[in-house]
1. Using per-residue counts of other Cβ atoms within 10 Å, averaged over each peptide, order 16-25, 42-51 from highest down.
2. Each residue of region 7-17 in turn: what ³J(HN,Hα) in whole Hz from Karplus with 6.51, -1.76, 1.60 and θ = phi - 60°, glycine and Pro shown as x?
3. Name the residues whose placed amide hydrogens come within less than 5 Å of the amide hydrogen of Val21, ignoring near sequence neighbours (fewer than 5 apart) on the same chain.
Amino acid sequence: MVPRRRPLRLHHPSGRELELVRETLELPEGAQQLVVLLPADEATARAVDGLTGRTAGRLRAV
């Protein structure tokens with residue numbers, strides 16, 4: 001059994017701590033993966049919005 005993957009904790013240079021979850025899409029051709037990082041909690045979502053200058057609730061890329 002594969003152990004459950006925990007959220008990734010990053011310490012951003014701005015002093016904010018970010019907690020991100022990884023979503024992985026396995027691509028059948030060429031043994032490739034697409035990894036997407038998403039905020040693990042509301043505090044991280046707000047911090048990411050503040051770092052990117054986006055308004056809350058909009059689509060974001062990290």
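Rule-based calculations on the coordinates, nothing more; no lab input. The shown structure was predicted, so the numbers you read here are calculated from the model rather than taken from an experiment. Using ideal geometry, Cβ is built from the backbone for each residue, glycine included, and neighbour counts are taken over all protein chains shown.
1. Working: 16-25: 14.0, 42-51: 15.5.
Highest mean packing first, the order is 42-51, 16-25.
2. Coupling constants for region 7-17: x, 8, 9, 10, 9, 6, x, 6, x, 7, 9 Hz.
3. Counting only residues 5 or more places away or on other chains, the set is Leu8, Leu38, Ala40.
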